[in-house]
Every structure is written in structure tokens, then in C-alpha cells.
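Participant: Before I ask anything, here is the structure I am working with.
The values are calculated or read from the model by the stated rules, or taken from the named source; none is laboratory data. Note that the structure is predicted; figures quoted are calculated from it, not measured. Note that we place each Cβ from the backbone using ideal geometry, even for glycine, and neighbour counts take in every protein chain shown.
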Amino acid sequence: MCTAGARSDCGCSGRRDGGWRVAAIDEITVLMRLRPAVDIGRVFLRRGPREQMSEDSLLYHGSQHARVERGLGRFHMKFLDSLLSALHGIERSNRDIRDAIRANTEAYKQQQQMPGSSGTTVQLQLPEAIATYYEPERNATLRNDKWKTVERIAVLSALVLSVLAALFTYRTLHQVTRQADVMEADTRPWVKVVEATLNEADALIFNPKQMPLFHGETLTRLAPRRPNPIMQVVVRATFRMRNIGKSVAQNISVFPEVFIEPPGEADAISKEQQAFCGQIAPGRLGPQNSWSALFPTDEFSVPLTATGWVYRGDTSKVNGVDCVDVVLIACVTYQNPRDYQTRVAYAIAPINSRLAKLGENLTKEEIRFIRDEHAEYAQ
């Protein structure tokens, strides 16, 4: 080990050896000088900032504090003051936490001692420092909850307003459509079947050997044919029509059918009329019996030969003779492509009976030709 007098003979650096010794001495000196300050801090922590220290203790520690202040300087004293302030804050926080734990423990004990208590409710209260720290976050959460509530209310209000707007639009559209229909009905053409008459000679013919062709009459074979008919039936009639509307009726066509009403079916005529007219109107089956234009109050007539079929189940026994109920159905369509339509039906029967004998032809003078008011229809 090198000595102070033999530094050059030891082969070591005196500056390096002396440097670490001086540094160690300086550190010990600083610690010794800090000890009075630490003692002062301990006294303050032990007795509290409000407790009075004795006069000798204050003189002793004050003199030590003055020595420390002279040895360390003003910067170190500020550091010690900050350290003491931090220690006081930690002590206060510990005291608050200890008081809170003690209060919660007492509340729990009182809850356990209460008779008839089936559950345990403990209300915890955070220290003031922790509550203050989380206060901005709690306020932000409350604000977010308020905005979420406002958003839900806004969405619900928008939904309700949308439904109300849809209902209002629907009602408005319905009213506009009704007004348009009323205006159209007031200005459109209306073709009415004013009269229908039977033609001369045989007006009702059963099972003709060949289809009769009469001069000036349009032969129509529009009645639907089902399997296994008994016989064919033919009716010859002329329809007279008039435009009672306020505008010109165009593309007028008349489509007739001979229908045998089955016994016991009260609504058979209306059903057949609806089915027949609904099928032939869109097709415009032929231009032979059409009229291009009919002005308001004008009339025109169309002579036709209509056909139909008799099937099993359509006949009724009257005094042992098979009889049938013959009906002439006609559909008048016009104003393509709107397809306005007028429907009529006429009952054909002998003068002295309601039913015609199957297979017995009748002339115009032998027939009662009656318009069926329950089959009137116009659209």
C-alpha cells in the first residue's frame, strides 16, 4: 500500500489513490452534515407540524441546521425543504387512507351487529386525493352518457317523424289518386248498351247441323268449350250502344256468349260474366264487330250471332222433359289500352215458361227477352 511520503516508489498513481479517498471523505462529510436535517425531519414527522418543540431542542437543532446550511448551501436546503414537504404529503395521505379504512371497518361492524339484516352493504369512500384525480374522468363519462341519451332521443324522434311523413305521403297520394279518378270519370267516355233485340227468323237454335251464316251478322265463337258437351246452342241478337260520356270513345268491340245457367246456382251468371269478360277484354279477339270512334251522344248498332254449349248437369226436368235456362252475356270494351268495359246479360225463355225445352228452336215472337238488372256493370 502506498504512503503519502513514498508515492513515487510504490508504482501507483497518487492522484488516483488520493482522489477516491478524498471523494469518500467528502461523501461522509455530506452525510454527517445531512444528519441534523434528517433528525429535524424525523422530529417533525413524529411530533407533527403543530406540536411545539422544546427550547433546547430548537436551539440545538437550529444551530445544527445553521451549520448544515453553511456547509451545503442554499440549493441543498431547498432540496431538503422539498423533501420534507413530500414526506408531510405522504404522511397526510397515509393518515386519510387509515381513517377511511377505520371508518369502513366500523361501519361493517355496525352492519353485522344490526338484527334482522339478511345482507351486507358496505359503502366505501375513496380518499380525497384519489377522488380528485378521477373527477375529470367521471365528469367525461357523465357527459358521454348525456350525449348518448340525446342521440337515442334524436334517432327515435327521426324514426317517428319518418313514419308520420310516410303516412302523410300515403294519404296525400291516396287523395290525389281519388281526385284524379273523379276527374277522369267526369271527362271520360261512357258507352252504354241502350237496347238489345232478337233478330228475325229463328232467334234460338239448338244443335244446328251447320253453323248458320246470316247476312249482316257477325258470327262469334267465343264461349269456352269444356269436354263432352251435349249440344251447341245459338242466339241471334242486335246490340245498340250510345256514348253518354263527355269525350270520344275509340276502338269499341262487342263480345257475346251464350251461357246455360246450371240449376240451383244463384250467382252462376255473375261468375261466368266476370270470367268471360275478364278473359276476352285484353285479347281483342277480332275487329269484325268493332267501331273506331263514337262521339258523345252518338249511337251505333251491331248484329251478332253468339254461340254456347250445353253440358250434363245444366238441364232440369219439367214434366219429364229436359229444359235449360238460356242467358245471353255481352261485353263491350273500348278505349284501348285502358280497356273500359260495359257488361250486360239477357234471359231467353219461352213466352209461357221460364225454361226452354232442350232441342226445340224458338223464333223471335216465341221468346221473352228480359234484361238482367243484377248483371249490369261498367268500369
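Participant: Residue by residue through segment 364-378, note down the ones that are within 44 Å of the chain's Cα centre (by Cα) and surrounded by fewer than 16 Cβ atoms within 10 Å (Cβ to Cβ).
Facilitator: The answer is GLU376, TYR377, ALA378.
Participant: Please state which one of LYS209, LYS246 is without any contact (Cβ under 8 Å) to a residue 12 or more places away in the chain and of a type outside the set (Ser, Thr, Tyr).
Facilitator: Only one candidate qualifies: LYS209.
Participant: In contact with a strand residue (DSSP E or B) (Cβ under 7 Å, 6 or more places away or on another chain), farther than 20 Å from TYR334 by Cα and surrounded by fewer than 20 Cβ atoms within 10 Å (Cβ to Cβ) - does that describe any residue in segment 231-252?
Facilitator: Within segment 231-252 (the criterion being in contact with a strand residue (DSSP E or B) (Cβ under 7 Å, 6 or more places away or on another chain), farther than 20 Å from TYR334 by Cα and surrounded by fewer than 20 Cβ atoms within 10 Å (Cβ to Cβ)), the answer is yes, since at least one residue qualifies.
Participant: Check VAL160, VAL150 and return the single one that is at pLDDT below 85, more than 30 Å from GLU366 (Cβ to Cβ) and hydrophobic (A, V, I, L, M, F, W, C).
Facilitator: On the way: VAL160 fails: at pLDDT below 85.
The match here is VAL150.
Participant: For segment 230-257, name all the residues that are under 16 Å from MET211 (Cβ atoms) and β-branched (Val, Ile, Thr).
Facilitator: VAL233, VAL234, VAL235
Participant: Filter segment 194-208 down to the residues that are of a type in the set (D, E, K, R) and at pLDDT 80 or above, then identify the one that is surrounded by the fewest Cβ atoms within 10 Å (Cβ to Cβ).
Facilitator: Only one residue fits best here, namely GLU195.
Participant: Moving on to the next point. Residues of segment 146-202 being touching a residue at least 40 places away in the same chain (Cβ under 8 Å) and among the β-branched types (Val, Ile, Thr), which ones?
Facilitator: Of everything in segment 146-202, those that are touching a residue at least 40 places away in the same chain (Cβ under 8 Å) and among the β-branched types (Val, Ile, Thr) turn out to be THR187, VAL191, VAL193, VAL194, THR197.
Participant: Taking ALA378, is it within 23 Å of ALA275 (Cβ to Cβ) and in contact with an Asp or Glu (Cβ under 6 Å, 6 or more places away or on another chain)? Talk me through it step by step, then tell me what you get.
Facilitator: Numbers: within 23 Å of ALA275 (Cβ to Cβ): yes; in contact with an Asp or Glu (Cβ under 6 Å, 6 or more places away or on another chain): no.
Criteria not met by ALA378.
Participant: Regarding VAL248, is this residue of a type outside the set (Lys, Arg), under 57 Å from the mean Cα position of the chain (by Cα) and in the same structural domain as SER301 (by TED's automatic domain parsing)?
Facilitator: Criteria met by VAL248.
Participant: If you scan segment 214-243, which residues turn out to be over 58 Å from the mean Cα position of the chain (by Cα) and without any contact (Cβ under 8 Å) to a residue 24 or more places away in the chain?
Facilitator: Matches in segment 214-243: HIS215 only.
Participant: Can I ask one more? Out of all the residues in segment 235-249, is one or more out of contact with any Lys or Arg (no Cβ under 9 Å at 6 or more places or on another chain), among the charged types (D, E, K, R) and more than 18 Å from GLY308 (Cα to Cα)?
Facilitator: Yes, some residue in segment 235-249 is out of contact with any Lys or Arg (no Cβ under 9 Å at 6 or more places or on another chain), among the charged types (D, E, K, R) and more than 18 Å from GLY308 (Cα to Cα).
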